[in-house]
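So the structure is just underneath, and the comments pick up after that.
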Amino acid sequence: VPEDDAISLAAVVTHSDFTGTYSHGLSRLCIYLRQYMAGALVARPEWKVIKDEGAAISYDCGGGSGIVAVNTVYDEVLKRARKYGVAAGTGRHSANIGCGGYYGHRMAEDNVIGIVMSNTYPCQAPFLGADRLIGTNPIIMGAPTSNPDRPIVIDISTSGVAIGKVQAYRRENKEMPEGWANDYDGVPTTDPHKAYVVRPMGDHKGYGLATFVDLFGGCLAGAKVSAEIPFVENMEPEETGFAIILLDIAHFIDVDAFKAHADLLVKLLKYSRPAKGVKEIFMPGEIEARKLEETKVTGMDFSDALEAELTELAIKCGALAEGGKLEDLAKEYSDIANHFHQEEASYSGGTVQD
């Protein structure tokens, strides 16, 4: 893939694991690699503008990475939001968009408030149904506060849990918590190997939200919806879609005034009276932000099973010799990165930061 695309992919995958959203980190990278190998993802897609109406723009993303697609369309929508105050963009012929929280953080850093919606392959049933007909269809929102390390961010699937979490439990052969999934007949199960559909968040409420994500990310974007989207295991182009809506805060109110008011909202909610037996109330995105700070210091642990899968893929990709170890590959690239940063620092007179 082009270098800029690789950087986008790496940033989102890293953000996912570093914030504890393991379903879309290195474990999901394994799926991306297999999709590239199978041709289900296009390494160098051809982009096309389908419709351009000033504050609204629609793209054909060419069957490439959904992560790259959302970041690219976000950049263009942001420019237009700066001009018009409000702007929206859609993308078709896309794929999995990775860790949604990353885009929420982007919104906060850019002093905008907004929403990203993407439809996905069907893995949950309509409320009271048994068939796989609708995706987990995530909704992501972000807004800034005065503390850049504590934006207000939500990244939620419209199902109770992301399908990636079920896949992670299946990989580890671990029993799932109750309420995550149903079997083929629509009966609740804790066996990840029997899980046929994940359950909607809040029953009919999650089902309703998921339907509208398909309308925004599918129908509005001109992408596939519901059962039109192939399962990821098929290793076929996903052809999903997404929608991005951004509001430039400065067009509505002074940015510092917005942040001060957001800070007040945080204080009112976070420091309110907790329920009996509860020690602390968390703001949306706060747990992930804390985990990000912690992991930057401690590093990240991952399972032996994931290491084995990554090692196998690294050998298949030619990045690692047969019989090599993943830690050798990590050290090799770490040494290259450190050398690059040292050279960069010597030119700029700056200091080296890992």
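The values are calculated or read from the model by the stated rules, or taken from the named source; none is laboratory data. This one's a predicted model, so the numbers in the text were calculated from it and none came from an experiment. Methodologically, a virtual Cβ is constructed for each residue, glycine included, from the backbone with ideal geometry; neighbour enumeration extends over all protein chains shown. Just so you know, the surface numbers come from the protein's heavy atoms only, side chains and all, with ligands and any DNA or RNA stripped out. Shrake-Rupley method; radii C 1.70, N 1.55, O 1.52, S 1.80 Å.
Remarks
- Quick note on the range 83-204: its Rg to Rh ratio, both from C-alpha atoms and Rh being the Kirkwood radius, is 1.06.
- Order by protection proxy (mean Cβ within 10 Å, highest first), peptides 97-108, 4-15: 97-108, 4-15
- From phi via Karplus (6.51, -1.76, 1.60), per-residue ³J(HN,Hα) for the range 222-234 in Hz, x at Gly/Pro: x, 9, 6, 9, 6, 6, 5, 7, x, 5, 4, 5, 6
- In a simple Cβ point-charge model (Lys, Arg +1; Asp, Glu -1; nothing else charged), the range 93-203 has a dipole of about 160 debye relative to its Cα centre.
- Gyration tensor verdict on the range 191-284 (Cα atoms; rounded if a/c is under 1.5, prolate if a/b is larger than b/c, oblate otherwise): oblate
- Dipole orientation for the chain: of the candidates G129, I156, G20, G129 has the Cα lying most toward the positive pole (charges on Cβ; Lys, Arg +1; Asp, Glu -1).
- Charge-dipole axis of the range 228-273 as Lys and Arg at +1 and Asp and Glu at -1 on Cβ define it, positive-most pick from L246, L268, V232: L268
- Shown are C317, C61, whose ranking by accessible area with a 1.4 Å probe and every protein chain present, most to least, is C317, C61.
- Surface share of carbon and sulfur [accessible, 1.4 angstrom probe, percent] for the chain: 55 percent
- Restricted to Cα atoms, the range 15-157 shows a radius of gyration and a Dmax of 16.0, 46 angstrom.
- Computed over protein heavy atoms with a 1.4 Å probe, the accessible surface of the chain works out to 52 Å² per residue.
- Anisotropy class assigned to the range 248-325 is oblate, per the alpha carbon gyration tensor with a/c at or over the 1.5 cut-off and a/b no larger than b/c.
- Each other residue within a Cβ distance under 15 Å of V255 adds +1 if Lys or Arg and -1 if Asp or Glu, for a net charge of -4.
- Prolate/oblate/rounded label for the chain (Cα gyration tensor, a/c 1.5): rounded
- Local electrostatic count at E322 - Lys and Arg +1, Asp and Glu -1, tallied over other residues with Cβ under 12 Å: +1
- Per-residue ellipticity at 222 nm from helix content only, as computed over the chain with -39500 (n - 2.57) for each DSSP H run of at least four residues, stands at -13000 deg cm²/dmol.
- The listed peptides 239-245, 206-212, ordered by packing as a protection proxy, come out as 239-245, 206-212 (highest mean of other Cβ atoms within 10 Å first).
- Charge tally around A221: other residues with Cβ under 14 Å, Lys/Arg +1 each, Asp/Glu -1 each, net -1.
- Burial order of peptide ranges 297-304, 265-272, 88-95 (average beta-carbon count within 10 Å, highest first): 88-95, 265-272, 297-304
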